[in-house]
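Take a look at the structure set out below.
Here, each number is a calculation from the coordinates, and none is a lab measurement. Everything quoted here is computed from the prediction, not taken from an experiment. Neighbour counts are summed over all protein chains in view; Cβ atoms, including those assigned to glycine, are modelled from backbone coordinates with ideal geometry.
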Amino acid sequence: MPDPKSRFRTTETGAIPCPGGTLKFLTVKSPALAARGDLSVYIPRQAEGRAGVPVVVLLHGVYGSHWIWASSAKAHLSLQQMIDSGEIPPMILAMPSDGLWGDGSAYLAHHGQDFESWIVDDVPHAVSEATGNSLDSPHFIGGLSMGGFGAMRLGARHPQRFRGFSGHSSITHTDQMPLFVEEPPESYPRASTLEAILENRETLAPFRFDCGVDDLLIEHNRSLAASLTDAGLRFTYEEFPGGHEWPYWEEHVRKTFRFFANLV
């Protein structure tokens, strides 16, 4: 039966114990999607029963869903190792689906569904309800490829929600979506990370991004970094060996965790 105290008409949950914490799976009836939305949430043992724990939202790329950051990059295990070693404070990891439209929603509002509001509004509420963590706790957002586009655009547009943002191998404009998806370009509203960042330059949270030197998106990321530099903005941009591939993201997501830890 629906819980009148919940933001969501229905919520289904499951959990898998992991070394050091718990990986929860949630399906909620999302107001933004007018449909069900999925997310995986990792709660390290050091965060259990606590309020005000920082939350890191990680967005996936095309083709994937909520499970892929944990399954293909072992992001939750890296987070736990870094917490256990004292390198970063306890943080909750939220890994939502993109809404599962086509090959990728780009985390934009279109076709009668608000994939942006799903991430910015519904996901934090779902995490809070599932963990008991405060909705007002510090939130950060990162992602890879299409998820990097989403993280950087939404991070720039919603500083009241996200205290920092980070992108790996990021798409920088919806014009690049056809490199990956079969949906025609006109399926997406035209949007760019540069435009979002410049439009919100007075309220920007700290941000970083990186890309592999063999990535098909490397020149787009270099162009974005050059434009931001020309605009006089402060940010961190790094390049590393590697391509558009899971071993790269498994290694470098740790930089995102460190970056966010320094902002807590």
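Note on the stretch 7-129: dipole from Cβ charges, positive end direction compared against W101, L26, I119; the farthest Cα belongs to L26. Treating each Cα of the chain as an identical point scatterer and summing with the Debye formula, the log10 of I(q)/I(0) at q = 0.13, 0.14 Å⁻¹ comes to -0.77, -0.90. Note on the chain: with a GNM built from Cα contacts shorter than 10 Å, the maximum mean-square fluctuation among P206, P178, P89 falls on P178. Loop-located chymotrypsin sites (Phe, Trp or Tyr not before Pro) across the stretch 42-111 with a Cβ neighbour count of 16 or fewer within 10 Å are Y63, W67, with loop assigned by DSSP.
Translational diffusion coefficient of the stretch 8-68 (Stokes-Einstein, Kirkwood radius from Cα pairs, 25 °C, 0.890 mPa s): 187 µm²/s. Across the stretch 8-125, the mean sequence separation of Cα contacts (distance under 8 Å, 6 or more residues apart), normalised by length, yields a relative contact order of 26 percent. Of the trypsin sites (Lys or Arg not before Pro) found in the stretch 199-256, those that fall in a DSSP loop while having at most 13 other beta-carbon atoms within 10 Å are R201, R234. Each Cα pair under 8 Å and six or more residues apart adds its separation to the average, and for the stretch 164-264 the resulting relative contact order is 33 percent. Each Cα pair under 8 Å and six or more residues apart adds its separation to the average, and for the stretch 48-191 the resulting relative contact order is 29 percent. The spacing between the stretch 93-130 and the stretch 163-215, judged by their C-alpha centroids, is 16 Å. The orientation-averaged projection of the convex hull spanning the C-alpha atoms of the stretch 98-216 amounts to 7.7 square nanometres.
Whole-percent P(r), the stretch 50-126, all Cα pairs, 5 Å bins from 0: 3, 15, 22, 21, 18, 11, 7, 3, 1, 0. Global size of the stretch 172-241: 13.3, 37 Å for Rg and Dmax (C-alpha atoms, Rg to one decimal, Dmax whole).
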